[in-house]
1. Considering only the stretch A:213-228, I want to know if a residue exists there that is among the acidic types (D, E) and at pLDDT below 90.
2. Residues A:A72, A:A59: which one is under 31 Å from the mean Cα position of the chain (by Cα) and among the small types (G, A, S)?
3. Is it the case that the stretch A:418-440 has a residue that's acidic (D, E), more than 19 Å from A:R348 (Cα to Cα) and modelled with pLDDT of 70 or more?
4. Between B:G42, B:G47, which is modelled with pLDDT of 90 or more and either assigned to a loop (DSSP other than H, G, I, E, B) or assigned by TED's automatic domain parsing to the domain that holds B:A119 (or both)?
5. Only one of these conditions is not met by A:H897: (1) surrounded by 16 or more Cβ atoms within 10 Å (Cβ to Cβ); (2) touching a residue at least 40 places away in the same chain (Cβ under 8 Å). Which number is it?
6. Is one or more of the residues making up the stretch B:136-148 within 13 Å of chain A (Cβ to nearest Cβ) and crowded, with 16+ Cβ neighbours inside 10 Å?
7. Among the residues of the stretch A:493-504, are any on the phi > 0 side of the Ramachandran plot, at pLDDT 65 or above and either in contact with a helix residue (DSSP H, G or I) (Cβ under 6 Å, 6 or more places away or on another chain) or not assigned by TED's automatic domain parsing to the domain that holds A:A322 (or both)?
8. Is the stretch B:114-122 home to any residue that is more than 14 Å from every other protein chain (Cβ to nearest Cβ) and in a loop (DSSP other than H, G, I, E, B)?
Amino acid sequence: MSVPASSVDRPPLPGDFDALPGLLRYAVVVRPPDVAFHEGRFGCSRLLDIDHASLGEWATFTTVVEIANFVAVVAADPELARQAARRLRLHWTPPPLWDDHLGVGSERSDGRGAVVNRRRTDGMVRRYGWPNRLRWGERAGWVIADVSPARASLWVDTATPEALRGDLAALLSLAPAAIDFSSERSDQEETSLGRLACDDAAADAALVSRQVGAPVAIWLDADYQRDVDALGLAETWDVAASGGHTLDALALGYGAARPAPAMALLLTGLTEPAGAPAGRPARSPYRRANPVREGDESGRASDRVRVFAEESFLDEWSRQQASDPLDLRLRHLDDRRGQALIEAVRQRAAWHPKPTPDPVEGGVGLLTGRGFAYCHLPDAKGEWESGTRSAWIADVSVDPVTGSVQLTRMVVGQDAGEPVDRAALAAALRRQLLPESTLLLRHADGIDEWGELADASPPTLPAIDALTLDAGGHALPARVPDALAPNGTADSPVTMPLRLSAQTLAPGTAAIANALFDATGQRFREPPFTAARIRAGLRESTGGDARGARAASSVGRRRWRWVGAATASLISLGGAAAVGLPWKAAIDPVPRPAANLYSQATIERGRLVAEAGDCAVCHTASEGGATNVGGRAFETPFGTVYSTNITPDELTGIGRWPYAAFARAMRHGISRDGSHLYPAFPYTAFAKLSDTDLQSLYAYLMAQPAVASPAVDNQMRFPFNIRGLMAGWNLLYHDAKPFTPDPTRSALWNRGAYLAEGAGHCSACHSPRNALGAEKRGDDHFAGALVDGWEAPALSQLSKAPVPWSEAALYDYLRTGRAAHHGVAAGPMAPVVAGLGELPESDVRAIAHYVASFMPSAVDAAQASEIADHRLALSTATPPGFDAGERLYNGACASCHEGGDMPVYSRAETSLALNTNLHSARPDNVIQAILDGVVAPGSSAGSAGEMPGFRTDFSDSQLTALVSYLRARFAPDQPAWEHLSTTIGELRGASSP
Amino acid sequence: MTDSIDLRVNGQVRHLPLDPATPLLQVLRNDLCLNGPKYGCGLGQCGACSVLVEGRVARSCVISLGAVAGRDVVTLEGLGASGRLDPVQTAFIECQAAQCGYCLNGMIMTVRGLLNHCAQPSPDQIVGALKYNLCRCGTHVEILEAATLAAELDAAGVAPGGSE
């Protein structure tokens, strides 16, 4: 066996690593099925055994690195390593009994974290957390390590080089000075916010590199999110208080936790998790009227997390007491300079007391809010009076559809006891705030992200006001000119770039969290504040709490809670006539949403959802007709269904449908007027769409031109013409749950599943349906079906493709409409490919990856060629007894379908011997192609692959002879098709233009 | 269709604001007034409509305009020039390989496509290449002679226009 060629292009290597193709190895790590890090303790399923035989021939090209519970597969080619890692069978112990072993879910036995909870049940108790890893990384890319016995060089975009250096020193037994980092980023700003999982990838690469004695590259992408999730929280704080307008007691309980080192260290057991770095005793700047013994204020906590917890808590307290959060702090602050600073910031930001959160209207559809936070930390010598005071007011705007957050303005006051140049302070804020706010607010990778679009609006720097106090404690506010270069100090007497300490930046996170509460009514107690979390929070807030209802009415379009929950009763399908029909409420029409209501980004996202879902294919009556006006007929075993007008026409379209009605139709198959839709409209798949995608789709459809086109009445046979029966059908066959990712699968697979089972509704055609028209599941999922006169071939183990499909071939087919060993997309699949052409490449790759997981075991490129050659050899012999068919073939088909020495541009690239349709149990697709030809899906993209139709050139008997010949010659191992002339007659009649 | 499709025809770049699904043959004959390629069967069976796309022979009646966007198309008109004929054209004149002449465009373009790919074809290869080009008036023998001579002229490097 030869080395399988890489079927997927390798992303280019950074730096000069491409110069070492012979040396570099690629690794894929395999994590234990269960891993968790909780309150400083690590647990995972243990590796029992590696089944090396499961690699088979792949063992020749791969090395398996195994150290305790750390496993990696190494190869000279990334695709090879990935494939081998997929094949490798590992045996793990069952997951540890978390509850006994780690105490998850129970109170800490020493009661430290719980002390405030028990004592202060009369007051308010809140828990705040800080994650060990903020996210997996800033962008996907290679992480490369080259480790020798004396040195380690790493290419990694780490945000916390010192922490990573410490981990690697422990992992590799090297001096920290012998480890160096390089990356694309020249301005390596260490963040004070926390680590990213790229540190774990770097440690993985370094460990593997040491084991194999060669430089090793690991692809860092959203798959490393599993480490982010597994490593959990680094610190938790419980804060409790009682009292009222004035706090009677404020208790800080250090809920404990220790920071998690790189995953490789934990899995190999090479080191125990390091203790928390020694810190000074935590001390709150606020005076307590009636101080209680505090939970564990002497704990070795980081100021950053304590400030976040305390400042968030004070904001929560003041909201609950309906008092101004600044006043609350001023009442409990003795420090005169601190009071002056807060007053100065209050004036500069024009902060007005707002006892109850009330979002200020920003742009159309945006929620805006502002939040305050303050901290006072001692100087390097531990002196409080000369320490740093820092007061922040953050303004945010939140897009409720996408959940993305923009920092619009920051007012930052700082008093370090000595004069600080304001311009330098502002410059430092500019330089350090952007990376930090990116980490805090960036989109999380969700299964409903649309490639580049997710990053369409990267965080931009807010307007920054910096102010300081003079020696006498008087504010020296100054608006910093916007023209100031980020690193420039042109108009500043200070030439050294100011570097703000983590302490100075500490209130920033709390100020943003408090502003988010102001905007959304939701409290975010753990960073990062990703778009997905904001969206989830907003869903909660529209779920009934009074604050959410206010927000909805004030903006006037977020009443998206769906109306009329299903209360269908189970009906006996045998005795349909006696059934009481469940009744669904109509949702009142609303005026068509204004054209400028939705942002361009939302509408563009909706366009991609519409392309992925091929809305226009079914909702457009004829070629050249107006898009989405409906009227296309669908023959079903139950009668004829016509698609409806989904343009925003107010009378005949969906122009007056509120979002709630649209969402109900998409998820539950119930029209605005309360009547049931037939599942020819694949709401069974669309129910899987995420809220964001559904909202974007609504935005897109509402932004299209309205075209008046009345509905065509369906012609359903009794009893299927009773729409109410669909209630029972839904109860039996419809699951309206949105898509939930499978945590045991990769992010790529889950994205593919989301697209294929949701918007893409692949199974609507490719899965067989039962007697009542419901898709069969289980083994019948993707088992193929007959739709509208075409056979949608099986995408499962039942695939009849002469050459088994590989992921790479599926990708080629879906992206370009053709695959080397399979031919072109035709019939109803052609517009699907055209629609997919609008999607980002990564999405098409994800669909191919997902569908390939259902196919028979894929073959590599060499095996595929071997099978193809064999099939071609079989088909050269002309079968005897098919003379009439052979003559027709030679006259009409051979000029394009026969191979030859000479290259011919218009010749079919793929031999009929490899055509799936000729190997199928049914002749339908072959007959359809001959009758009406093949329109190449990518015809405007510059490809041949078209075929003229022969409907008027061949009689039925000629077609029968030709198709029989084709089957006998090109699929000699398949039985002859029966009842050919009947099928031909039916298809010619049915699809007659 | 407002989008323009660009392609190169006989060395000249053309911007065609046409439906990409239009058959290339119709565009060549009706829009560009290039009547070298003939309409025979319209189904890719007879070869009378043959042109060269990127030097390879193609049946223009079954190729859509969109499928040749950005490509280099040569018709019989672009093969040689007045007084500077292509060796294949020279050979067909030498051998008087035409009777009714309707298939001639296809025969000449196909032989050109063959020679582009294979400088010294065997008689079997010539027959194989012309197998799916239909001649209905019985000039097959002369056409095969012409193709053989064309290969010789081409190999000898006879400059275009060497016949007269």
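1. yes
2. A:A72
3. Yes: one or more hits.
4. Of B:G42, B:G47, the one residue that is modelled with pLDDT of 90 or more and either assigned to a loop (DSSP other than H, G, I, E, B) or assigned by TED's automatic domain parsing to the domain that holds B:A119 (or both) is B:G47.
5. (2)
6. yes
7. Step one: of the stretch A:493-504, the residues on the phi > 0 side of the Ramachandran plot are none.
No; the residues of the stretch A:493-504 include none that is on the phi > 0 side of the Ramachandran plot, at pLDDT 65 or above and either in contact with a helix residue (DSSP H, G or I) (Cβ under 6 Å, 6 or more places away or on another chain) or not assigned by TED's automatic domain parsing to the domain that holds A:A322 (or both).
8. Checking the stretch B:114-122: not a single residue is more than 14 Å from every other protein chain (Cβ to nearest Cβ) and in a loop (DSSP other than H, G, I, E, B).
The values are calculated or read from the model by the stated rules, or taken from the named source; none is laboratory data. As the structure is a prediction and not an experimental result, all values here were calculated from the model. All Cβ positions, glycine included, derive from the backbone under ideal geometry; neighbour counts span all protein chains shown.
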